[in-house]
Structures are given as structure tokens and as C-alpha cells.
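Report on the following structure.
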Amino acid sequence: MKYKRVKGTRDILPQEWILREVVIDVVRTTAYSFGYGEITTPILEEAGLFIHSVGDASDIVTKEMYTLVDKAGRDLVLIPEGTAGICRAYIESKMTVWPKPVKLFYFQRLFRYEKPQKGRYREFSQFGVECFGSQSPTADAEIISLAHTMLKKLHFSSLTLHINTLGCDACRKEYREALVRYFLSFESTLCEDCQNRLKTNPLRILDCKNPSCKQCVADAPKIHPYLCDVCKEHFQGVLGCLDVLKIPYFVDYELVRGLDYYTQTVFEFISQDLGAQGTVLGGGRYDGLIEKELDGPPTPAIGFAMGLERITMLLETKRTELPLRTIDPMLYIANFGGNTATLSLQIAQDLRQNNMNVLVDLEGKGMKKVFETAEKRNAKYLLVIGEEEEKTGIVSIRNLTTRENKELEISAIPSFFLKGDQNEV
Ligand code: HAM
């Protein structure tokens, strides 16, 4: 084979699309029911947008961005995440003057130069939501409730909600210092990345998957004693609201998330069935991003994104519980000689206009092959049209399950299928 897929990318084949279609339908409908509107932003953005929002010390910016220079010399990236582009659009498209909160959802293809493994790709897709303009803990609880509702509709009740707070800039400053003091005494046991993180962003050490770093993390100081009263109250407010909504959660003191823009609440829904890449959905509050990094007006904000590949992978085992589209043909039409091929397309056209799945033999296969193909393609009915049928206008439709035949006029085929008459055969 001359050309292959680029490492870390995937081809999404029809059977997977049938599952993905259900996911897209459920999450879109759920987002609308929470008052969100759909937005699409470009896959290409300026590199600076991510350096300033996701963070110049984050893994995404330091190691994973697909960067390119266009013909005019602009530094661009294939976007590695959705939030920054939505925030840019929020400012640039003047959504800042819309009534608050402004609630947006999106489907986006993203690119990260990560080490590919099960559930982790270099090109992947997300469904994401962003809510601008509310600082209330109710907004945090509502967005978590949106995630919970759509996951429940997709028959996931066993995903665990991990939640934490990262405090505001003020409480995080003291916490950072405490972390640096603690980790300095283990500096030589930390991995090379974490030794650097000690200087750039010590909170990220809490998230490191390296076994020796993980051991040091176990006894590291937790943020909660360092929280200011406002952040403490905010977090208690979110948890209280989740209790009322009966959304179970686990307060995970080590949850920090990999993007630098977060403040206060962060959360993830985690599955035990995906190995190391078990986070299906992650998000949090980012109150400083729009004003401090993107020169927009002061705008509290919160959002999350869900990986479509991971959720679809988990749904594979639930195919029978879902209202999946069938792509099997209801009718397979074979034809032999004369104008029967065109006649087949004509018959199919009426049925297809009414959304019935019809497959027409375009090659004029022999009779044996026709039966084989109809069976292989899982067709329910078979119609064979030869010159005789064309002349008389009378055909025989075969039910491939019961093996019964029904004779009828060609003109009666649409009503046979579309009015449900076929149920009698
Ligand atoms: P994230 O945690 O980087 O957050 O990604 C969200 C989800 O995207 C993950 O939980 C995972 O399901 C999926 N995902 C991430 N990386 C990959 C990958 N390499 N391959 C396959 N799936 C992946 C964000 O992107 C934030 N923008 C979320 C957010 C929105 N925060 C606030 N608003």
C-alpha cells in the first residue's frame, strides 16, 4: 500500500458513525434543552491564542501543537482544544453585549501531537459547551447537570464524577508556594517534566502519571486549607446544589486538569472501562481567561468538553440499548436485460423519497449472486425484474425471512412498502 493514515489519526467507518450519530443527536438535544445555541469556529487559529489561554508551560503548548506558517507568514495552529477559539469568537463577534449568560455548544475536530494509544489520538473530536457571564455556583452545578443528563440519556450511570476546586489567583499563590516547598525535598525522584513543572506550574505535578511522581503526590499538601472564604463558599455551594440534584460525586483533591486557564471548580467524568484514558468528559471554571489573557471584558465562564471517540468506544457494548439507525436495505432490487436497470432505479426513487433503504443491483449480477448479495447485505425483501416483468408490469416480491412471495403490479410497490402492507407477507 502506497499511502497510509497519518500516525494517530483514524478513519471513522459507517458502523461507528451510526453510534456517533446517536451521541450527536442526544447531546445536541440536551444542550438545547439547557438553553445552549450551536457555534462553529475555525479549525485554524493564531498560535498566540493558545499560548496565552491554555498556558505557555502546559503540555499542549510546549509539546503537542500542530503549528504551521501560512503563505503570508502568520503563525497558525490546528486547534488543540475548543475553549480558546470560542472565547475569541465571543469577543470578536460581540456576543459580549448579549443578555447573560451566553450559552454556546460546539462539535470540533482537534489536533494534539500526543503519544497515540487506545482512546488517545492526534486528531480527535469533541462536543463542548461554554457558559459566559455567571459567577454563581448554580452555573457550575447546572453545567455538571447538563453533562450528567446527557450521559444518563446515553445509558451511562456508572461514570464517576470527580470534582475539585483550584481556588482563585490569591489562594493558589500560597498553595503553589507550599507545593514547591514540598516537592523540592523530592526533586531528584520527580520525572524530568515535573522537575521543570516545579519552576513553571507545580500544580501540574499533581496530575503526572509517572509512578515515582505519583508516589510523591500522595502526601503532597491539598489545596483546601489554602482556600479563601469566597472560594470555599463557592465550592460548598456547588456541592450543595449537586446534592439537591442527586448527582453523585467524589471530591478528588488531586484533580488539577491539564490546561492553565482554570479557576475554582474543575471536574471530570471518568470510566473504569477505558484503561489509562478513562476521562470521557472534563471541564471547569475559567473566570480570568477572557479579561486577563484575551483583553475582553470581565467575564466569569465555565464549560466542559467530551471526547466523541471515547464515548463512542464505550457505547459499543450498549448497541442493543440504543435507538440506532439501520443501514440494512429493506429491499434489494435485481434486474436482468432490457430497460430493467433503469426501471429498478425508478422504483427505488419513489421508495427512497420516503426514506426507505433500497439497494439496486447496478451490475446485472447472475441469479445465484443476486441471492447471495441480498442475504449478505441483510436485505428484508428481494425484487427481481426481468424483461417479462417489465412487459407485464407484474412482479414478485420475496420476503427473505419467511421465503414467501407476493405478486403485485409495479405501480403498487410504493403502497406495499409505505403503507405497511408488506407486514402481511
Ligand atoms: P480536555 O480535558 O483536554 O479539556 O479534553 C476534554 C475531553 O476530550 C477529554 O476528557 C477526552 O475525552 C477528550 N480528549 C482529549 N484529548 C484527547 C485525545 N488526544 N484523543 C482522544 N480524546 C481526547 C478540554 O479540551 C477543555 N477545552 C474542556 C473545557 C471546555 N474546559 C472548559 N470548557
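Checking 316, 375, 363 one by one, the residue that is closer than 30 Å to residue 276 by Cα and at pLDDT below 95 is 316 and no other.
The single residue among 73, 35, 8, 55 that is within 13 Å of the ligand (Cβ to nearest atom), in the same structural domain as residue 305 (by TED's automatic domain parsing) and not in a helix (DSSP H, G or I) turns out to be 55. Return the residue satisfying two criteria in turn: it lies in the range 201-238 and is under 30 Å from residue 136 (Cα atoms) and among the polar types (S, T, N, Q), and of such residues it is surrounded by the fewest Cβ atoms within 10 Å (Cβ to Cβ). Among residues in the range 201-238 that are under 30 Å from residue 136 (Cα atoms) and among the polar types (S, T, N, Q), the one surrounded by the fewest Cβ atoms within 10 Å (Cβ to Cβ) is 236. Total residues in the range 155-168 satisfying the condition of being crowded, with 21+ Cβ neighbours inside 10 Å and away from the ligand (no atom under 12 Å from the Cβ): the figure is 5.
The one condition from (1) assigned by TED's automatic domain parsing to the domain that holds residue 277; (2) surrounded by 15 or more Cβ atoms within 10 Å (Cβ to Cβ) that residue 179 does not meet is (1).
Conditions tested, residue by residue: (1) more than 8 Å from the ligand (Cβ to nearest atom); (2) assigned to a loop (DSSP other than H, G, I, E, B); (3) not assigned by TED's automatic domain parsing to the domain that holds residue 160.
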| residue | (1), (2), (3) |
| --- | --- |
| 254 | yes, yes, no |
| 262 | no, yes, no |
| 267 | yes, no, no |
| 275 | yes, no, no |
| 284 | no, no, no |
| 290 | yes, no, no |
| 299 | yes, yes, no |
| 305 | no, no, no |
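Considered as a group, the residues in the range 356-404 that are over 43 Å from the mean Cα position of the chain (by Cα) and among the small types (Gly, Ala, Ser) include one that is nearest to residue 339 (Cα to Cα), and that residue is 386. Contact map, the range 298-313: first residue in contact (Cβ under 8 Å) with a residue 12 or more places away in the chain, second residue among the acidic types (Asp, Glu) and within 10 Å of the ligand (Cβ to nearest atom), Cβ cut-off under 8 Å, separation 6 or more or different chains; pairs are 301/130; 302/130; 303/130; 305/81.
A quick yes/no check of all residues on (1) touching a helix residue (DSSP H, G or I) at 6+ places or on another chain (Cβ under 7 Å); (2) within 9 Å of the ligand (Cβ to nearest atom); (3) not assigned by TED's automatic domain parsing to the domain that holds residue 235:
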residue	(1), (2), (3)
98	no, no, no
103	no, no, no
122	no, yes, no
132	yes, no, no
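Residue 357 - would you say it is in contact with an Asp or Glu (Cβ under 7 Å, 6 or more places away or on another chain), closer than 24 Å to residue 24 by Cα and modelled with pLDDT of 95 or more? Answer is yes for this residue. Checked across the range 328-343, the condition of being touching a residue at least 12 places away in the same chain (Cβ under 8 Å) and within 12 Å of the ligand (Cβ to nearest atom) holds for no residue. Of all the listed residues (64, 16), the sole one being more than 17 Å from the chain's Cα centre (by Cα), within 16 Å of the ligand (Cβ to nearest atom) and not hydrophobic (A, V, I, L, M, F, W, C) is 64.
From the list 273, 252, 169, 207, the one residue that fits, being within 25 Å of the chain's Cα centre (by Cα) and within 24 Å of residue 56 (Cα to Cα), is 207.
Remark: residue 109 matches the filter, which requires a residue to be within 12 Å of the ligand (Cβ to nearest atom) and over 25 Å from residue 148 (Cβ atoms). Pairs meeting the criteria (first residue in the range 63-75 and closer than 17 Å to residue 111 by Cα, second residue among the aromatic types (Phe, Trp, Tyr), beta carbons under 9 Å, at least 6 apart or on different chains) are 63/113; 64/111; 64/113; 65/50; 65/111; 65/113; 66/111; 66/113. On the basis of being away from the ligand (no atom under 12 Å from the Cβ) and farther than 25 Å from residue 231 by Cα, does residue 94 make the cut? Here the answer is yes, as residue 94 does meet what is asked. Note on the range 1-29: residues that are without any contact (Cβ under 8 Å) to a residue 24 or more places away in the chain and surrounded by fewer than 10 Cβ atoms within 10 Å (Cβ to Cβ) amount to 7.
With respect to the conditions (1) of a type in the set (Lys, Arg); (2) assigned to a loop (DSSP other than H, G, I, E, B); (3) within 27 Å of residue 61 (Cα to Cα), residue 100 falls short on a single one, namely (3). Within the range 248-261, being crowded, with 18+ Cβ neighbours inside 10 Å and of a type in the set (A, V, I, L, M) holds for 255, 256, 259.
Just checking, does the range 241-251 include any residue being within 19 Å of residue 135 (Cα to Cα) and either within 16 Å of the ligand (Cβ to nearest atom) or not in a loop (DSSP other than H, G, I, E, B) (or both)? Scanning the range 241-251 turns up at least one residue that is within 19 Å of residue 135 (Cα to Cα) and either within 16 Å of the ligand (Cβ to nearest atom) or not in a loop (DSSP other than H, G, I, E, B) (or both).
The values are calculated or read from the model by the stated rules, or taken from the named source; none is laboratory data. It should be emphasised that the depicted structure is a prediction, and the values quoted were computed from it without experimental measurement. When we count neighbours, we look across all protein chains shown, and the Cβ atoms used for this are built from the backbone with ideal geometry, even at glycine.
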